C-alpha cells in the first residue's frame, strides 16, 4: 500500500501514526476521484495509474477533516517522487518564511505495517481494501 509522509517541521520526527493517503481539498465543482488524481500528481510528481478504481469510502479524522480514498493497481518508484511545496513562518514568530515539500517521502507498505504508519482514522481504508481483495 502506498502512503506518503507529510513534509514540514511539525512532522519531521514523527513516523508511526503520521503517514497518509495522498489527499487534498476539493475545488468547486470537482469530483472526488478527480481530486484524488490531482493530489496524487501534486504530492508524488507523477500521474496516478490508469485503470480500474476501487472506492474505499470516507473517514473523518480526529480534527474533523473528511477524507475520501480510492485504490488502484500501480507500480511507482518511490525514490523518484517529487512534491509540490508550501511556505510557513519557521521557526514560529521568527519572521522568517521557509519553503517545505508537502510530502517529504513516499513508501510501499504491507497491510500490517501500513496500519501502524497511517493516521489512525485512515486505517479503515486498509480494512476496506482487504475486505474487497
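In table form, for the structure just shown:
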read-out	value
Exclusive hit being closer than 12 Å to residue 2 by Cβ and under 14 Å from the mean Cα position of the chain (by Cα), set 71, 18	71
Members of the range 51-79 that are farther than 24 Å from residue 26 by Cβ and out of contact with any helix residue (DSSP H, G or I) (no Cβ under 9 Å at 6 or more places or on another chain)	73, 75, 77, 79
Number of positions in the range 102-121 that are crowded, with 16+ Cβ neighbours inside 10 Å and touching a helix residue (DSSP H, G or I) at 6+ places or on another chain (Cβ under 9 Å)	8
Hits in the range 29-55 - residues which are in a loop (DSSP other than H, G, I, E, B) and farther than 13 Å from residue 71 by Cα	29, 30, 31, 45, 46, 47
Counted residues, the range 97-133 - those being part of a helix (DSSP H, G or I) and out of contact with any strand residue (DSSP E or B) (no Cβ under 8 Å at 6 or more places or on another chain)	10
Hits in the range 54-68 (condition: surrounded by 14 or more Cβ atoms within 10 Å (Cβ to Cβ) and within 15 Å of residue 6 (Cβ to Cβ))	61, 67
Residue match in the range 80-96 (condition: touching a residue at least 60 places away in the same chain (Cβ under 8 Å) and in a helix (DSSP H, G or I))	no
Set 66, 21: member being modelled with pLDDT of 95 or more and closer than 24 Å to residue 127 by Cα	21
Residue 43, sole failed condition from (1) touching a helix residue (DSSP H, G or I) at 6+ places or on another chain (Cβ under 6 Å); (2) in contact (Cβ under 8 Å) with a residue 40 or more places away in the chain; (3) within 20 Å of residue 105 (Cβ to Cβ)	(1)
Residue selected from the range 56-79 under the condition in contact (Cβ under 8 Å) with a residue 40 or more places away in the chain and part of a loop (DSSP other than H, G, I, E, B), by the criterion nearest to residue 20 (Cα to Cα)	61
Qualifying residue in the range 17-24 (condition: without any contact (Cβ under 8 Å) to a residue 40 or more places away in the chain and loosely packed, with under 15 Cβ neighbours inside 10 Å)	no
Any hit, the range 21-28, residues being under 14 Å from residue 105 (Cβ atoms) and either part of a loop (DSSP other than H, G, I, E, B) or out of contact with any strand residue (DSSP E or B) (no Cβ under 9 Å at 6 or more places or on another chain) (or both)	yes
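The values are calculated or read from the model by the stated rules, or taken from the named source; none is laboratory data. Quantities reported herein were computed from a predicted structural model and do not represent experimental measurements. Cβ atoms come from the backbone with ideal geometry, glycine included; neighbour counts cover every protein chain shown.
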